[in-house]
Amino acid sequence: MPTGRYGHTNDSNVNTKETEKLSKYKDLEIEVSGMWKVRTRTVQFIIGTLETIKKGLDQNLQLLPGHPSATELQKITLMSNAHIIRKVLG
């Protein structure tokens, strides 16, 4: 049962953000494994607003149900950021 989260990053801190997210979701992975008696794996993918994509994205996306494309995830990231900006600017 893969778990994942979208991460919005700035180009300069992709590796830092990746380590932070893996650490954050390891506890959740362990908790879900114990609770439901299933094997879990955290699937890491980071897509930055300025088209920053971490190496290995395609392999990680194949682990997710529905096999979303990198293009779809980039669109989701851009739309999420646009929503945040509209909300802040009013």
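Scanning region 15-47 for residues that are loosely packed, with under 11 Cβ neighbours inside 10 Å and either touching a Gly at 6+ places or on another chain (Cβ under 9 Å) or part of a loop (DSSP other than H, G, I, E, B) (or both) turns up Lys37, Val38, Arg39. Contact map, region 20-37: residues that are small (Gly, Ala, Ser) paired with residues that are in a loop (DSSP other than H, G, I, E, B), Cβ distance under 6 Å, separation 6+ or inter-chain. Pairs shown: Ser33/Thr40.
Taken together, the values in this text are just the output of simple stated rules run on the coordinates, not laboratory data. Quick caveat, the model's predicted, so the values are computed rather than measured. Neighbour counts run over all protein chains shown; Cβ positions are idealised from the backbone, glycine included.
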